[in-house]
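Written below as structure tokens is the structure these notes are about.
Please treat every number below as a calculation from the coordinates, not as lab data. Just so you know, these numbers come straight off a predicted model, no measurement behind them. As a convention, Cβ positions derive from the backbone with ideal geometry for all residues, glycine included, and neighbour counts pool all protein chains shown.
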Amino acid sequence: MPLPVGKRRANGLPAVVESLKEFRHNFGVFSESSLSDMNWDNVVAAGSSVVNTLLPVPPEYKKSKRALREYYRT
């Protein structure tokens, strides 16, 4: 099942976010910070909440938390 040409990333573009800091920020926005006070010892996060926040965000949605939240909710 090849990906349509319009949905493919251009060669050389990153496939995941560039830093752990960016992932944590994205995950916090995606989860509405509901997990920020949780003790993460012996806990594994999995599924779309992790995959979605690992993917690079288009530049127009990086302007603010509100824009990033809108990106994740649509």
Item checked: In degrees, nearest ten, helix 20-30 long axis to first principal axis of the chain (Cα) -> 80 degrees
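Please work out how much length the chain gains when fully extended from LYS21 to ARG8, using 0.36 nm per residue of separation minus the C-alpha to C-alpha distance, in nm with one decimal. Present the calculation step by step, with values, prior to reporting the outcome.
Values: separation 13, 0.36 × 13 = 4.68 nm, distance 2.53 nm.
Length gained, LYS21 through ARG8: 2.1 nm.
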Checklist line | Net +/- balance of residues flanking GLU18 in space, Cβ distance below 13 Å, scoring K and R +1, D and E -1 | finding: +2
Checklist line | Within-15-Å neighbourhood charge of TYR72 [Cβ basis; K, R +1; D, E -1] | finding: +3
Notebook entry, point to check: Taking 1 over the mean of 1/r across every pair of different Cα atoms in the chain, what Kirkwood radius in Å do you get?
Noted result: 13.8 Å
Checklist line | FRET efficiency for GLU32 and LYS63, using Cβ-Cβ distance with R0 set to 25 Å, rounded to 0.05 | finding: 0.85
